[in-house]
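The next block holds one structure in the form of structure tokens; read it before the comments.
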Amino acid sequence: MTSIYLSSDNPRWMPKTEADLQAAVDGGLFEESHHLDLKKAPNSKGDNKELARDLASFAVDGGTLIIGVQENKDSRTFELAPQPLNGLPEKIEQVARTIPDPPLTVITEEISSAADDGTGYLIVHIPASPVPPHMVDNRYFGRGDKTKYQMADAEVVGLHARRRDTEADTLTLLRKEMDEDPLRDVGAQSHLFLVAQPTAGRRDMCLPITGAKDWNQRLHALIQRALQAPRTRAALSGGFSPDLSSAHQGHRRARGVALSSSGIGAGRVYTPQGGSYDESVVELQLFEDGGLRLLMTRLSEGASTPYESPDEAEQIIFDSAAVVFTRHMLELIRLISEDVGYHGNWAVAVGANRLRGRRRYHGQLEFPSNHRYSADTYEDPSSSGTWTSSSTDGPPGSPRRRTVDSLTPATCPSATPKDLGGADQPFRCASATPGRRPRSPARCAGARPAARRPGAESAASCR
């Protein structure tokens, strides 16, 4: 269930029964505001248009509409007015999808009345849109302190500019992470970078996690929830090494915390352990303001034929790793949003370096692709949609796009993801799982030949 913002004193109210709603009425908690409106169900075409205007106005900053609670104009108080629930959620969603331009996605939750007569209340959550403002009847609407209003041209232009500024700011964050890569001068492998930043979060949004005494356990639990989430497991199978579970060491960071594999020590300094996997590290950072940063340094690996020396190994790109880690990052966004009660947008950026001249690994083909990447770096800043605790197949309201599409035009031969928010079918990674050999003559630089398992589709990890 998604929480409702009533006031600064009650920011995460979660009604589950009619009694909860009645208690809010009796306690004088209801008040129409920038984030909350209370109405009866729409009964006419005119009502549908008015509802669409309300939804469009909330979509700028996000908000909630409770249907079944109405205002008594005489006493200036609110009272319960249960509405017929049959078909009401579908009707609200149809209005959101067909009248505003661009269409809106809403999240609805039913609360049945104690009378058990088919009536009740509908909670309609309108996440902050990644593409505001939304037009209804050739007009744009925003939300004031207590009601909607028609936006002036200057405000509309300002919202479009804000979206462009958000992408530019996210690109700056991405480049900063790439510049501060602790393995910047180490080895030859390609590195993957993921950056996510809430666009409307409080500066201390994630302080309950990063400032807790058990922050280490909490961050570990978030990673495990992301890895084990049914939607993630359904979209991805096969895995990749290293994965997020390899980040087991806890570190304090300026205004945040981090988990990393053993290759990164205190002070974010590269600390090789003398093993063959020293160059392959993963690090997840979470900051008080909700910012997430993910680094994975095994986006490629050296491979050579049996007649070549390890020094002649060609770096082959595991582009499926970009999909695996991006999908897990999006699941972390959803979980963190749910845990801290944030319903706004996230700006997401993906980057990679050391790409020029490198080919992608083909898990089911005899040789790597003949197409070589022409640029040394890849950068894609994109405003992601809102992830909420009730979303089921990706971020509501987000434009469906492939965040890493230009890096991985055909990521895996066995399946193609519809997008990073939800896959058409299980996605099987044709990339590295320790102990398995490629089905091509190529082998990992420095690796000893190992017996190939029947049917193995994954590249060998160097030992």
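Of all accessible surface on the stretch 81-124 at a 1.4 Å probe, what whole percent is carbon and sulfur?
45
Compute the separation of the alpha-carbon centres of the stretch 27-99 and the stretch 109-180 and state it in Å as a whole number.
A separation of 16 Å, based on Cα centres.
Let a ≥ b ≥ c be the square roots of the eigenvalues of the Cα gyration tensor of the stretch 162-224; is it rounded (a/c under 1.5), or, if not, prolate (a/b larger than b/c) or oblate?
oblate
Classify the stretch 74-168 from the C-alpha gyration tensor, please: rounded if a/c falls under 1.5, else prolate or oblate depending on whether a/b exceeds b/c. Before the final figure, lay out each step's value.
On the way: a/c = 2.68, a/b = 1.91, b/c = 1.40.
Prolate, since a/c reaches 1.5 and a/b exceeds b/c.
Local charge sum around T297 (other residues, Cβ-Cβ under 14 Å, Lys/Arg +1, Asp/Glu -1)?
Result for the local shell: -4.
Between A200 and D74, what FRET efficiency follows from the Cβ-Cβ distance if R0 is 35 Å, with the result rounded to 0.05?
Calculated transfer efficiency: 0.40.
In nm, to one decimal, how far is the modelled label at R139 from the one at E155, with both set 7 Å along Cα→Cβ?
Each label point lies 7 Å from its Cα, and together they span 1.2 nm.
Order of 288-297, 182-191 by packing, highest average Cβ count within 10 Å first? Write down the numbers at each step before the final one.
Numbers: 288-297: 23.5, 182-191: 17.5.
Answer by packing, highest mean first, reads 288-297, 182-191.
The values are calculated or read from the model by the stated rules, or taken from the named source; none is laboratory data. Just so you know, these numbers come straight off a predicted model, no measurement behind them. Cβ coordinates were reconstructed from backbone atoms using ideal geometry, including for glycine residues, and neighbour counts include every protein chain displayed. Surface areas here come from the heavy atoms of the whole protein model, side chains and all, with no ligands, DNA or RNA. Shrake-Rupley method; radii C 1.70, N 1.55, O 1.52, S 1.80 Å.
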